[in-house]
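Worksheet for the structure shown next.
The values are calculated or read from the model by the stated rules, or taken from the named source; none is laboratory data. None of these values were measured; they are calculated from a predicted model. No Cβ is skipped: glycine too gets one built from the backbone with ideal geometry, and neighbour counts run over all protein chains shown. Keep in mind that these areas ignore ligands, DNA and RNA; they rest on the heavy atoms of the full protein, side chains included. Shrake-Rupley method; radii C 1.70, N 1.55, O 1.52, S 1.80 Å.
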Amino acid sequence: MARLREDAYSCLEHSEKAVALARDLEDPPFLAHCLTAHYPVYFILRQFDKLEAYAKEAMQLFLEAGNLVMVADCKRDIGFCQLFTGRTREGLATLQESFAFSQEIDNLWGIADCG
């Protein structure tokens, strides 16, 4: 995290290369994890639109893989992006959906983070 704060643009370049490699490998679960690894970089750079787009893509990939905990986590991240970009009502609704879904699947981290 310290490296990220010192040189976020260098971390961004590294992380973009990882996503490109994952796309080239055509490995959806690996790609989904690479996309979520981007989040801290885009958060530090305050590029919430890009973070939200990657969260939506990752959520779809995790859904296809049946990884419901990560689906809930991606949905939560989408909700936070909506809040950070001034879409308060949409963000709160998304976070409520993520909270309810986390309760359904017994995702304690999701419950704690959205509650």
Once the in-chain neighbours fewer than 8 apart are removed, the lysines whose Cα is under 22 Å from LYS17 read LYS50, LYS56
Enumerate by residue number the GluC sites (Glu not before Pro) in the stretch 2-65 meeting two conditions: DSSP loop (anything except H, G, I, E, B), and at most 11 other Cβ atoms within 10 Å of the site's Cβ. GLU26
So the angle from the long Cα axis of helix 28-37 to the longest Cα principal axis of the chain, reported in degrees to the nearest 10, equals 90 degrees
Using the heavy atoms of the protein chains alone and a 1.4 angstrom probe, what is the accessible area of the chain per residue in square angstrom? 59 Å²
Let me know the charge dipole size of the chain about its Cα centre in debye, to the nearest 20, where only the beta-carbon of Lys, Arg (+1) and Asp, Glu (-1) is charged. 380 debye
Leaving ligands, DNA and RNA out of it, report the carbon-plus-sulfur percent of the accessible area of the stretch 76-115 at a 1.4 Å probe. 56 percent
So for the pair ALA53, LEU25, with labels modelled 7 Å out along Cα→Cβ, what separation do we get in nm? 2.3 nm
